[in-house]
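Encoded as structure tokens, the structure appears first; notes follow it.
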Amino acid sequence: MTPDLTRREAMAGIGSAVAVGASAGLAGAQESPAEAVVDADREGDYPRCLYKPDGDGEWNPVLPINVHARDSSDGAALATVEDAFAGFSNLEWTRVFPDATARAWDRERERLVPPDYSVRRPRLGDEWTHVHVWDVDDDRVAIHAHLDVFDPSSSHFHRGDHYGDAARAVADHLGDEGWTVERDYSIEYGVGEDRLERWGDTGDLKLTY
């Protein structure tokens, strides 16, 4: 696992300094994660984008974190989500396959961090449901869901796509595990219109337990 990137390290990696108090418009996909977070103030109560490094080693927001979840029970939200994908009743979900590098912005620690939990649902053929979960606090997690689409030119021979279909698949599964699904929900990702158009249907959802 590669180390977490602090704001200072990410900024140093592109050889530029960014004033934290600076204001700017929405950040483009080609900016470094430090610039994007500071300039666009993208990352709010939940992390909103999944970051990956490009060929030059710069980290860019490339995928939507499209499900927000809150656990109002006595348990921790992350543990409740993990339980919903584990056990003999959920053997179709697995963690055995390797993951490509993915990070989300941790606002409190001011660094990019890997998912706290990742799981896939294999099937014959293409389009496996793939889920990354980040622990926001005891009551909340942020979830990115996509379908793995075979792509020999990509790392691990697949790329993420069909975010809306994947988010709804996750919601259906967690709904069966006692979560309430709010489907009339919208997430502001803070990215340009061109990227939103490429993403298409992100399937924004809110889950409560």
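Things worth noting here:
- Subset tally (residues that are buried (at least 17 other Cβ atoms within 10 Å of the Cβ) and not aliphatic (A, V, I, L, M)) for segment 72-81: 1
- Within segment 174-196, considering residues that are under 18 Å from the mean Cα position of the chain (by Cα) and in a helix (DSSP H, G or I), the one surrounded by the most Cβ atoms within 10 Å (Cβ to Cβ): Leu174
- Residue within segment 56-71 that is over 18 Å from the mean Cα position of the chain (by Cα) and loosely packed, with under 13 Cβ neighbours inside 10 Å present: yes
- Taken as a whole, the structure leaves Arg121 outside the set of residues that are surrounded by fewer than 17 Cβ atoms within 10 Å (Cβ to Cβ), at pLDDT below 90 and within 18 Å of the chain's Cα centre (by Cα).
- Tyr46, sole failed condition from (1) in a helix (DSSP H, G or I); (2) modelled with pLDDT of 75 or more: (1)
- For the condition modelled with pLDDT of 95 or more and not in a loop (DSSP other than H, G, I, E, B), Leu207 qualifies.
The values are calculated or read from the model by the stated rules, or taken from the named source; none is laboratory data. Treat the numbers as computed from the prediction; the structure is a model and nothing was measured. As a convention, Cβ positions derive from the backbone with ideal geometry for all residues, glycine included, and neighbour counts pool all protein chains shown.
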